[in-house]
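A quick write-up on the structure given underneath.
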Amino acid sequence: MIDRDDWTVRDGHPYDLSGRLRIGALVGMLLLTAAYVSVLYEITTVVGESRRLLAVVAVALLVATILAPIVEPRRAATIALALLGGGLGYYVLTVPIPGGLLDSIVSMIGDTLALLTGLTVLRMTEVGLWAVCFAPAPVFLSWYLTLHRQYATATVVGGVTLSIFVLTGDAGTLTTLLGVVGAAAAIGAGDLDAHGATLPEADVLAIVLATMIAVSLLVSAVPGGEAQPLTPDVEGERQTMEESVVTADEQRSVGGPVELSPEVRFTIQSEEAGDGDTPLWRTNAYDRYTGDGWVQSGDTVDYSGELDPPESDSESVVQEVRAETDIGVMPALWKPTDVAGTQTQNVQVTPAESFAPTQPLSAGDTYTVYSERPTPSEEALVTADNEDVSIDEEYTSLPDDTPDRVGEATEEILNDTDAEGPYEKAEVIESWLMENRGYSLDVESPDGDVTDEFLFEMEEGYCVYFATSMATMLRTQDIPTRYVVGYSEGQRVSEDEWVLRGTNAHAWVEVYIEGEGWVTFDPTPPSDRVSTADEVVEEAREDGDEDVDTEESAALDGDEWTPTPDPEENRTDDDQESGDGPEINQTVDEAVAPGEGEVVHRDEELLGGGDIDDPGDFDLDEFEGDEPGLDIERVGAAVALMIGIAAGVRRSGAASAAHQTVVMRWQRARGTPDEDAEQAFRRLSYLLALEYRERRRGETVSAYLSSLDRLGLDDRAHRVAEIRQRARYGDGIDRAEAEEAIAIVDDLVEEHGGLVTMMRERIGQGG
Amino acid sequence: MQDRSTTDPLPVEKATELAEAVSDNIEDVIIGQRDAVEHLVTGVLARGHVLLEDVPGVGKTMLARALARSIDGEFRRVQFTPDLLPSDVTGTNVFNQKTQEFEFRPGPIFANVVLGDEINRAPPKTQSALLEAMEEEQVTVDGVTRAVPDPMVVIATQNSVEPERTYELPMAEVDRFMKKLSLGYPNERDEQRVLERVVGQHPIDELEPAATVDELRQAQRTVASIGVTDPIRAYATRLTRYTRENAQLGVSPRGTIKLLSAAQARAVLAGREYVIPDDVQVEARSVLAHRIRVGADASGRTGMDVAERALENVPVEQ
């Protein structure tokens, strides 16, 4: 590294800020580091590795600080690469993936690519271990480079790391903003530090930083740019309940107000589904609770043959499902075992044992799904004690930072009853939630742990809150639970036919009972939910929305199916006689109730309300299979990202390396003989710098060349230097000599290897 | 006294031959000091004066005598003592009984090679008499100004031991010397060779001139005609400016001029018609170091250290 201070003496400027600017650059880099470490920290708190992570990060910072004065940058880069390789290697060797090492590596590469396309890191099975293995390399390298005053390169390292988490969606807006400001501060202050800035120059930096923060916060005021100007996945619209609950994603977050989409999604025909309990059409389930949402760990696999029936007794239920819009989920009653129909080749099985299409279904696609509906005996459920239960710990684990009072409150509720086994406890919690919390779609996004907020801060919420809270509360009692999403019953348009709308999107809970398997619980107060949903459908009908009804449901004009014959009904004629009267009547009453309830309002505060912890991968396009439009926000974000990358590349020296390489490769258009010799000599210098070393500052050309002679310098280099010396210091050269010099350098470049080789070496040298 | 303008410069090759011949000649006497000899010769070719600082007995006087003999010039020596008067250097008017007139009896300064031994032992007034002659190439006695011979080279010596009995040369006067050199002790083999040569017949007595004074004068004009391009001037300026920025007192513009002259002579020595940065670098230490005063807080640094740092840190080409 060249220390410019050696010979340029700084003027004793009255506003000499170099020391403070250096501190500013260090603080900026720490901020950037803190940004991505905080993402990793959040991840590790979910799985309980946070202490190890902090220890590893602290050690990495310490080692970087110790090594900074004694290790060269290139060696430090090697150390960082070794750290990264070693960490990920350790991860690969540790994670048990069947099929040996090669499969592990292939699987890891696949996972990594998947992560970069917006899947959360939390999907990984051993995410805690991964975070601990991954963290040291970027922390070490960026801090080392900062201490070496290589701010630009350091920022590229930190920025790339942060970008990974922005792409995976794990870094929220605030985190990203802090990271970006940190990066800007590090580069700005560092650059000013290197050039010995004065007060006015430092002022400019401060203004730029302030503008960055202010603009990125105020940009939300721009129409259509509501919440997250910094994340590439900008969500302009308030999400619907359905997006929040039922999608093909592996991650669900809880929070914020939602609205209901009244469009019809599916019609399901099933002779058996109407028997017994109200059907819940399940689409997926989640095992890992993050404090603000749910993540599904494990891999989705291709469907290959029937799935196991439930552990308890069961009855078969056949469902004919027809997609009414383009959609990426396949609802079925618990527990699905087999699927047939047009889409069979496209079916995958999620880790939660539900079917999912590889490609979104198109409107009109149909499939038949066979389910085995568990019919456990009440006695077996009650007497099960879960003493010998062997199930993945994921189903009972909670984030490190789950407040203790969640468990204490659960304990208290259970102590007031004589509930003993897991089944009874689940029933107690289910009914407690149903009775003690109200139903509303218009709630503020929770600020901390969802369950904690719902139990202690909130009066009402929607199904996601109820289901999350129930699952979490039972987990505090070591009862395995998972969070299930899908559609509630929907509109029963005839005895054996149901219409599922967006409004029916629902979340509930499955509790694992030893010997009986997963048992379904639904803690959401049903009547309020149904009435709210029906209001939305009614409003949409009044607005003339054509997607709201199928032929059958339109014929019913908003009412549920009743055993009265209807001449316009054609598909369900045969089954009209055997309806389930009382339940339907109740629903009808709810459905015709006057729609005064406040369903959805979009008057959120400027900065509040938005879900800042999740950049929002509720991608409507993915869900509905619509043509993705050219989203101006995405284009803007992409352009900003490209500019940033371009600047980073330039600052890191890669571009100048490329430029120098090209300059070295080709002689410019001819000038005077003296100029040409000078140019040829410059090309020779680049080549020699690549092959041997750069000429030192106080070193004359001849001293430089004779020192290279010992290393086997080509004699022709001396000839070029001699010609150029005469051109520069003597009385000039003629055209022939200039051409000779150019020809020699051309030959030398040619012999050295191709352009690509040079480019690589050049960048390898750090520009 | 000669008319200098009539002297034409030698071609560069001839000048190089002359410089090499003189150097070789001197080296017959001063064994193992090729660097110092070349520095002395380039100093002479560049019309400079040389200050030799060293411990006694390493051949300072012998170097000066050998130079004088090699160019077939007149050699005079002045031993500087505390009671030496200016007129002892410049010469004095003596009353001639026969002609009943004062007539000028030239001092030792009127020679081609003047050796001022232990110059720092004489009081400043006497020192400055010598120094005026060096810079102005003339002396003034009793109001009459007389030109000194051309060429006239002063080789002054200072002992670096016993500094308490000396009058340290003022900076303004040190500045008049183009170079300050030191010989140092010869290595073991060279010292044995010195003994072989010296015991018995001293080789200085057998030394044949390698050039005439006229030829030297011509060679000096050759040196003055050596090409110096802008990049060289810029480099020399960067070097001296660096010393000014990194020492209490740096090199004066006169120092920069002398540096370029010395570099021209060095180019002649290499048989080149133009100066390259290497020439500047070779001459820089001896030309710059004694012009730099480092100041009280230098913590042991010397002018030579500053010069070394300048060479290391100042970019040769920009």
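The values are calculated or read from the model by the stated rules, or taken from the named source; none is laboratory data. Note that the structure is predicted; figures quoted are calculated from it, not measured. So basically every Cβ, Gly included, is an ideal-geometry build from the backbone, and we count neighbours across all protein chains shown.
Looking at A:Ser362, A:Ser297 in this structure, which one is touching a residue at least 24 places away in the same chain (Cβ under 8 Å), hydroxyl-bearing (Ser, Thr, Tyr) and touching a Ser or Thr at 6+ places or on another chain (Cβ under 7 Å)?
Answer to the check: A:Ser297.
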Inset, instruction - Collect the residues in segment B:68-127 that are small (Gly, Ala, Ser), part of a helix (DSSP H, G or I) and in contact (Cβ under 8 Å) with a residue 60 or more places away in the chain, keeping them in residue-number order. - result: B:Ser70
Legend entry - Members of segment B:152-172 found to be outside any loop (DSSP other than H, G, I, E, B) and either closer than 14 Å to B:Leu52 by Cα or among the basic types (Lys, Arg) (or both), listed by number: B:Val153, B:Val154, B:Ile155, B:Ala156, B:Thr157, B:Gln158, B:Asn159, B:Arg165
Inset, instruction - From the list A:Leu122, A:Leu162, A:Leu167, pick out the single residue that is part of a helix (DSSP H, G or I), under 20 Å from A:Ser50 (Cα atoms), within 27 Å of the chain's Cα centre (by Cα) and modelled with pLDDT under 85. - result: A:Leu122
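Conditions (1) crowded, with 20+ Cβ neighbours inside 10 Å; (2) within 14 Å of chain A (Cβ to nearest Cβ), marked per residue:
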site	(1), (2)
B:Ile276	yes, yes
B:Glu283	yes, yes
B:Val287	yes, no
B:Glu308	no, yes
B:Val314	yes, yes
Inset, instruction - Return yes when B:Gly271 is within 14 Å of chain A (Cβ to nearest Cβ), closer than 30 Å to B:Ala21 by Cα and not charged (D, E, K, R) and no when it is not. - result: yes
Inset, instruction - Considering every residue within segment B:245-252, establish whether at least one is within 10 Å of chain A (Cβ to nearest Cβ) and surrounded by 16 or more Cβ atoms within 10 Å (Cβ to Cβ). - result: yes
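Only residues that are among the charged types (D, E, K, R) and closer than 14 Å to B:Lys179 by Cβ: list them for segment B:231-278, please.
First, pick out the residues of segment B:231-278 that are among the charged types (D, E, K, R): B:233, B:238, B:241, B:244-245, B:254, B:258, B:266, B:272-273, B:278.
Result: B:Arg254, B:Lys258, B:Arg266.
Any chance segment A:459-471 includes a residue that's closer than 29 Å to A:Glu516 by Cα and acidic (Asp, Glu)?
Taking segment A:459-471 as the starting set, the residues that turn out to be closer than 29 Å to A:Glu516 by Cα are A:462-471.
From what's left, acidic (Asp, Glu): none.
No, the conditions are met nowhere in segment A:459-471.
With B:Val223, B:Val153, B:Val198, B:Val194 as the choices, which residue is under 18 Å from B:Thr61 (Cβ atoms) and modelled with pLDDT of 90 or more?
The match here is B:Val153.
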Inset, instruction - Taking A:Glu510 as the residue in question, decide whether it is within 14 Å of A:Arg282 (Cα to Cα), assigned by TED's automatic domain parsing to the domain that holds A:Gly438 and outside any strand (DSSP E or B). - result: no
Inset, instruction - Considering every residue within segment A:712-720, establish whether at least one is under 25 Å from B:Gly271 (Cβ atoms), of a type in the set (Lys, Arg), touching a helix residue (DSSP H, G or I) at 6+ places or on another chain (Cβ under 7 Å) and more than 14 Å from chain B (Cβ to nearest Cβ). - result: yes
Inset, instruction - For residues that are closer than 12 Å to B:Val314 by Cα and without any contact (Cβ under 8 Å) to a residue 40 or more places away in the chain, scanning just segment B:226-244, find the one that is nearest to the other protein chains (Cβ to nearest Cβ). - result: B:Arg241
Inset, instruction - Give the residue, chosen from B:Leu260, B:Leu239, B:Leu249, that is in contact with a helix residue (DSSP H, G or I) (Cβ under 6 Å, 6 or more places away or on another chain) and within 22 Å of B:Gly300 (Cα to Cα). - result: B:Leu239
Legend entry - Those residues of segment A:264-315 which are at pLDDT 80 or above, touching a helix residue (DSSP H, G or I) at 6+ places or on another chain (Cβ under 7 Å) and of a type in the set (Asp, Glu), in sequence order: A:Asp287
Legend entry - Subset of segment B:8-38 (residues that are surrounded by 24 or more Cβ atoms within 10 Å (Cβ to Cβ) and either modelled with pLDDT of 95 or more or in contact with a Gly (Cβ under 7 Å, 6 or more places away or on another chain) (or both)): B:Ile30
Inset, instruction - Could you check, for segment A:42-54, whether at least one of its residues is free of Cβ contacts under 8 Å to residues at least 24 places away in the same chain, closer than 16 Å to A:Gly172 by Cα and of a type outside the set (A, V, I, L, M)? - result: no
Inset, instruction - Show the residue pairs that are 6+ apart or on different chains and have beta-carbon atoms under 6 Å apart, the first residue being within segment B:187-205 and on the phi < 0 side of the Ramachandran plot, the second being of a type in the set (Val, Ile, Thr). - result: B:Asp190/B:Ile31; B:Arg193/B:Ile31; B:Val194/B:Ile31; B:Pro203/B:Val29; B:Ile204/B:Val29
Inset, instruction - Name the single residue, out of those in segment B:104-137 being over 17 Å from the mean Cα position of the chain (by Cα) and not small (Gly, Ala, Ser), that is surrounded by the fewest Cβ atoms within 10 Å (Cβ to Cβ). - result: B:Lys125
Legend entry - Hits in segment B:175-195 - residues which are in a helix (DSSP H, G or I) and more than 18 Å from B:Arg34 (Cβ to Cβ): B:Leu195
Legend entry - Scope segment A:283-310; condition more than 28 Å from A:Thr451 (Cβ to Cβ) and not in a strand (DSSP E or B); matching residues: A:Tyr303, A:Ser304, A:Gly305, A:Glu306, A:Leu307, A:Asp308, A:Pro309
Legend entry - Residue under evaluation B:Thr42, criteria (1) closer than 25 Å to B:Glu164 by Cβ; (2) in a helix (DSSP H, G or I); (3) in contact with a Lys or Arg (Cβ under 7 Å, 6 or more places away or on another chain), criterion not met: (1)
Inset, instruction - Provide a single number: the residues in segment B:214-225 that are crowded, with 24+ Cβ neighbours inside 10 Å and either within 20 Å of B:Pro277 (Cβ to Cβ) or within 14 Å of chain A (Cβ to nearest Cβ) (or both). - result: 1
